[in-house]
Structure formats: C-alpha cells, structure tokens
Amino acid sequence: MSTPGPALTQPGTARAERGPGPVRVRLSVNGTEHTLDIEPRVSLLDALRERLDLTGAKRGCDQGTCGACTVWVDGRRVLACLTLAMSCEGHEITTVEGLSQDGEPHPMQQAFVEQDAFQCGYCTPGQIMSAVALIAEGHAGDDAEIKEWMSGNICRCAAYPHIRAAIRAVRDQT
Ligand code: FES
Ligand code: FES
C-alpha cells in the first residue's frame, strides 16, 4: 500500500521559510539532476508531468486514493499527488520511466505484458511501481498478502487477477 508521502523533514529540524512565489528546487529523477523554479505548493506529480515531461505517473484522483501516481522516493513508494516537490530535494526519485535498463523492460514490465495485466493501461505505471516495491518489501508471500499490499492501487478495469499473476511470476523468478 502506498503512503501519502515521505516524512522527509525530521520534526524539530529548523528550516528557512521559502515561497510563496517560485523557489529554486533541485530534483534528482531517475539519476538525472533537474533545477526547477516552482512554487512551494507544487506537487511532485505536477513537477514530473508538467515541468519534466515525465508523464508515466498518472493523475487519477489527485487526492491520494487511487495509486495511479505512485513513484518511489529513495526506493520507497509514495503518492506523488500528495507529495510536495520541494520536499524531495536531496532524495532520489524514481518513476516508471526509470525502471528499464539498457533499453530492456524491467522484469515486472515484461510480466505485465505476458500476463495481460492491463486493459486501458491508465493505472499500470502506478501498479508496476507498487508491484516492484511490494516484492522488495517482502510483501508478496501469497495472494492475500499481495492483495493487501497492493490495495492502494485501484484498477478501474479490474485486471487484478492478471496483476497478481504478474507479481507472482516475478516473485518466483527472484
Ligand atoms: S492521483 Fe495520486 S492517488 Fe490518485
Ligand atoms: S487497466 Fe484500466 S484502470 Fe487498470
């Protein structure tokens, strides 16, 4: 299950006030550094999609209930629609665009294709980001556990049995 966003600032940590106008923010996304001038209120999802043209993370609900916007911050899945972009400075962001290596799809991307784990595909990037993290977290033991820990990713097309089959296939490879 995805979380609304990382607690990236420790309680009690002094931090200079910035904004409300545009502020300079440095984001590391898929291993590439980007410098943006954005208002502090800008979500990570908006920064990725509207400023960096990384449109893999999707806007479904924009209020933390569908999981379509799931990305990783320091390897942990978060909901980009509920995460402020500026809170991600100094952290590594990974989007679905960053999963493939040397032009080859990630095994989970390949498994989604082989298991027919989507219909419209709108939820798929978020499902894949959660699915890879789920295995890394050790939460892919059985179908009940997979269901529970993927419950933050909604699929309007109800491809759930196929999504679970893809997860099992990758789990059993590793
Ligand atoms: S768009 Fe972020 S949870 Fe739905
Ligand atoms: S494949 Fe259509 S919403 Fe999941």
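Numbers for the structure displayed
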item: Where Rh is the Kirkwood radius over Cα pairs, Rg/Rh for the range 107-173; result: 0.90
item: Surface accessible to a 1.4 Å probe, per residue, for the residues of the range 95-147, Å²; result: 49 Å²
item: Within the chain, longest stretch free of exposed GluC sites (Glu not before Pro) [DSSP loop, at most 14 other beta carbons within 10 Å]; result: 90-174
item: Sulfur and carbon atoms: percent of accessible area, the range 82-174 [1.4 Å]; result: 52 percent
item: Value at 222 nm in deg cm²/dmol, rounded to 500, when DSSP H runs of n ≥ 4 in the chain each add -39,500 (n - 2.57); result: -7500 deg cm²/dmol
item: Per-residue ³J(HN,Hα) for the range 100-111, Karplus 6.51 cos²θ - 1.76 cosθ + 1.60, θ = phi - 60°, Hz, x for Gly and Pro; result: 6, 10, 6, x, 9, x, 4, x, 6, 5, 4, 5
item: Cα Rg, Dmax (largest Cα-Cα span) when computed across the chain, Å; result: 16.3, 50
item: Pairs of Cα atoms farther than 15 Å apart, the range 64-140, %; result: 57 percent
item: Ratio Rg/Rh [Cα only; Rh per Kirkwood] for the range 23-97; result: 0.91
item: Size of charge dipole - the chain - debye, nearest 20, with Cβ of Lys, Arg +1 and Asp, Glu -1, no other charges; result: 440 debye
item: Given 15 as the ceiling on other Cβ atoms within 10 Å, longest exposed-site-free region of the chain for trypsin sites (Lys or Arg not before Pro) in DSSP loops; result: 42-155
item: Cα lying deepest toward the dipole's positive end in the chain, options G60, I167, T95, charges on Cβ; result: G60
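The values are calculated or read from the model by the stated rules, or taken from the named source; none is laboratory data. Since this is a predicted model, take the numbers as computed values, not measurements. Virtual Cβ from ideal backbone geometry, glycine too; neighbours counted across all protein chains shown. The accessibility values were calculated without ligands, DNA or RNA, using every heavy atom of the protein model including side chains. Shrake-Rupley method; radii C 1.70, N 1.55, O 1.52, S 1.80 Å.
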